[in-house]
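Novice: Shown below is the structure under consideration.
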Amino acid sequence: MSESHNVWDKNADLNKLQAVIDPNDTFGFKNSLIDLIHWTALSKYIKDCRCLLDFGCGIGRFANRIQKLGIEYHGVDSSQGMVDSAQRGHKHFAERFLFLSSDELPFTSQYFDYCMSCWVWQY
């Protein structure tokens with residue numbers, strides 16, 4: 001496991017936004033603002049989506065909002081700690097969060113309409 005995964009596993013039990021944006025934002029203002037900006041940008045592009053893959057889902061911070069839009073949500077992450085936290089936080093659809101231990105996705109080709117990835121590629 002790479003060093004970045006260890007950091008994410010360690011952060012997985014912090015509060016929702018601290019875990020996946022900035023663990024040092026103890027008051028939450030910066031993280032809430034970043035989350036709002038992300039959601040505002042994302043929500044414009046998924047209106048016609050039926051099934052979405054959140055690649056690098058972390059704790060699933062977008063999962064409930066996406067489900068409320070009637071979109072089938074699935075999240076994958078390479079941090080077992082983040083997936084565990086996502087499953088604990090979303091018990092009503094915990095099976096939709098999967099630990100990705102390889103570069104093979106466990107879905108059939110063309111299963112998803114959209115794939116989103118937020119704050120993943122820099123790691």
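The values are calculated or read from the model by the stated rules, or taken from the named source; none is laboratory data. Please read these numbers as outputs of a predicted model, since none were measured by experiment. Glycine also receives a Cβ, built like all others from the backbone with ideal geometry; neighbour counts cover every protein chain displayed. Quick note on the areas: whole protein, heavy atoms, side chains included, nothing else; ligands and nucleic acids left out. Shrake-Rupley method; radii C 1.70, N 1.55, O 1.52, S 1.80 Å.
Novice: Counting pairs of alpha carbon atoms under 8 Å apart in space and at least six apart in sequence, what relative contact order in percent does the chain give?
Specialist: Relative contact order of the chain: 27 percent.
Novice: Next question, about the same structure. Averaged over every viewing direction, what's the projected area of the C-alpha convex hull for region 46-115? Give it in nm², one decimal, please.
Specialist: So the mean shadow area of the Cα hull is 4.3 nm².
Novice: Moving on. Contact order normalised by length for region 57-123, with contacts defined as Cα pairs under 8 Å and 6 or more residues apart; what percent is it?
Specialist: Contact order relative to length: 30 percent.
Novice: Accessible area, 1.4 Å probe, largest first: how do Tyr114, Tyr45, Tyr73 sort?
Specialist: Tyr45, Tyr114, Tyr73
Novice: Net charge within 12 Å of Gln87 by Cβ-Cβ distance, Lys/Arg positive one each and Asp/Glu negative one each, not counting Gln87 itself?
Specialist: With Lys, Arg at +1 and Asp, Glu at -1, the neighbours total 0.
Novice: Lys91: which lysines have alpha carbons under 20 Å from its alpha carbon, excluding same-chain residues fewer than 8 sequence positions away?
Specialist: Counting by Cα, and skipping residues close in sequence, Lys91 has these lysines nearby: Lys16, Lys68.
Novice: Taking square-rooted eigenvalues a ≥ b ≥ c of the alpha carbon gyration tensor, is region 66-106 rounded, prolate or oblate, where a/c under 1.5 means rounded and, failing that, a/b exceeding b/c means prolate?
Specialist: oblate
Novice: What is the sum of charges around Arg96, taking Lys and Arg as +1, Asp and Glu as -1, for the other residues whose C-beta is under 10 Å from the C-beta of Arg96?
Specialist: Local net charge: -3.
Novice: Grab the other residues whose beta carbon is less than 10 angstrom from that of Tyr114, score K and R as +1, D and E as -1, and report the net.
Specialist: Counting the neighbours of Tyr114, the net charge comes to -2.
Novice: Tell me, in nm to one decimal, what length is gained between Ser102 and Asp48 on full extension, where the rule is 0.36 nm per residue of separation less the Cα-Cα distance? Before the final figure, lay out each step's value.
Specialist: Values: separation 54, 0.36 × 54 = 19.44 nm, distance 2.98 nm.
Between Ser102 and Asp48, full extension yields an extra 16.5 nm.
Novice: When Rg and Dmax of the Cα atoms in Å is calculated directly from the model, which label among (1) 15.0, 49; (2) 13.1, 39; (3) 13.9, 42 fits?
Specialist: Checking each listed value against the structure points to (3).
Novice: Across region 76-83, in residue order, what do the Karplus-derived ³J(HN,Hα) couplings come to in whole Hz, using 6.51 cos²θ - 1.76 cosθ + 1.60 with θ = phi - 60° and x for Gly and Pro?
Specialist: Result, rounded to whole Hz: 10, 8, 8, 9, 4, x, 5, 5.
Novice: Scan around Phe97 for amide H atoms under 5 Å from its own, H built in the peptide plane at 1.01 Å from N, and keep only partners 5 or more places away or cross-chain.
Specialist: Placed amide hydrogens put Gly75 under 5 Å from Phe97.
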